[in-house]
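First up is the structure itself, then whatever we jot down about it.
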Amino acid sequence: MPRILITGAAGFLGSHLCDRFIAEDYEVIGMDNLLTGKLRNIEHLFPLKQFQFYHHDVTKFVHIPGKLEYILHFASPASPIDYLKMPIQTMKVGSLGTHNLLGLALAKKARILVASTSEIYGDPTQHPQTEEYWGNVNPIGPRGVYDEAKRFLEALTMAYHNFHGLETRIVRIFNTYGPRMRLNDGRALPTFFRQAILGQDITVFGNGTQTRSFCYVSDLVEGIYRLLLSNYHLPVNIGNPQEIPILQLAEEVVTFTGASSQIIYEPLPLDDPKQRQPDITKARNLLGWEPKVSRQEGMKKTYDYFKEVIATAASLDEVL
């Protein structure tokens, strides 16, 4: 049974990756310092013999006894509300944390896949974004702490690949949604759903013409799984190329939930990307991957999850 370490295991994406690799008959070691992750996302795995959990901060030295075939490095605050609140931790997990895990992979002769992001493209001047595009990032702007942490993560990973011959994989993740997102993580879809379910006005930044491309979490996990087991070491975009204006998304949420919410507008945050759409030609050609879950189907599953979370919480503070 192969062993895999998944950092950020109690987070939105990390917890779904734990589920997938358990289902694929791996022994899974989950690691998280619970800065933004929640134990409730993985508590269903605790009784399983093939799952272990380490409460640990990857910016400190990381030691795993025994063999290790694979590492997935997904530890990081990943939404603006988090990394603007924790800028230094965000930069440390992208730099020191990545360094520690690359060193562990080297020591264990393990293959490592690191989670990069579409944010490395910044406010893009190329549309859609291909992996060859270098991006348009403001390194000293408020979003720079996340964007540059991930750009450094990619550079360090490639250095380990080129200098040490380490088996590395880099996934550039575009907007993803689904169950286990936090209702207050500041991203558009959970924010809109939370506001609609609670009967609040829905807040759209700017005039809502900025676009995003939303990929359902099971599709993303499938892409990551295929990339890990592929023979390709350069970055690969994994995301849904179906682009949608944020205002249209807000209107869909209102219709979907039947809410009486009004859409109100607030100023666009500094350096907020005006468009975001992955070119997934590489994923299609190299991995045979493309998203399967329609937005309608994915939104229903996500809405049902959020409704249940709010309905079963003792207080709203508990789910926020």
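The aspartates and glutamates whose alpha-carbon is closer than 16 Å to the alpha-carbon of K60, local same-chain residues fewer than 8 away aside, are D32. For region 191-320, the Cα gyration tensor yields ellipsoid semi-axes of 30, 19, 13 Å (square root of five times each eigenvalue, largest first, whole Å). Dipole magnitude for region 14-128: computed about the Cα centre from +1 point charges on Lys and Arg Cβ and -1 point charges on Asp and Glu Cβ, it is near 320 debye.
For the chain, the longest principal axis of the alpha carbon atoms and the long axis of helix 295-312 meet at an angle near 90°. Extension gain for E266 to K109 (0.36 nm times residue separation, less C-alpha to C-alpha distance): 51.6 nm. Between helix 188-197 and the chain there is an angle of about 50 degrees, using the helix long axis and the longest principal axis of the Cα atoms. Taking amide H positions as modeled 1.01 Å from N, with prolines and chain starts lacking one, the residues under 5 Å from F74 and 5 or more places away or on another chain are T7, G8. D for region 124-281, whole µm²/s, Stokes-Einstein with Kirkwood Rh over alpha-carbon pairs at 20 °C and 1.002 mPa s: what number? The Stokes-Einstein estimate is 124 µm²/s. Each label was represented as a point 7 Å from its Cα along the Cα-to-Cβ direction; for H233 and A311 these points are 5.1 nm apart.
Shape verdict for region 1-152, please, from the Cα gyration tensor: rounded (a/c under 1.5), prolate (a/b greater than b/c) or oblate. Judged from the Cα gyration tensor, region 1-152 comes out prolate (a/c at least 1.5, a/b above b/c). The charge dipole of the chain, taken about its Cα centre with unit charges on the Cβ of Lys, Arg, Asp and Glu (plus for the first two, minus for the last two), comes to roughly 680 debye. The alpha-carbon of K282 sits under 17 angstrom from the alpha-carbons of these aspartates and glutamates, leaving out residues fewer than 8 places away in its chain: E131, E132, D219, E222, E290. Placing +1 on each Lys and Arg Cβ and -1 on each Asp and Glu Cβ, with no other charges, gives region 152-220 a dipole about its Cα centre of roughly 120 debye. Normalised by 2.2 N^0.38 Å, where N is the number of residues, the C-alpha radius of gyration of region 137-215 stands at 1.50.
In whole percents, the pair-distance distribution calculated for region 182-228 from its alpha-carbon pairs, binned every 10 Å from zero, is 22, 39, 27, 12, 1.
Positive end of the dipole of region 207-320 (Cβ unit charges, origin at the Cα centre): among Y225, Q262, C215, the Cα lying farthest that way belongs to Y225.
Taking the Kirkwood radius as the inverse of the mean 1/r across Cα pairs, report the Rg/Rh of the chain. Over the Cα atoms of the chain, Rg/Rh equals 0.95.
Every number in this text was worked out from the coordinates using simple rules, so none of it is lab data. Predicted model, so just to flag it, every value in this text is computed and none were measured. So basically every Cβ, Gly included, is an ideal-geometry build from the backbone, and we count neighbours across all protein chains shown.
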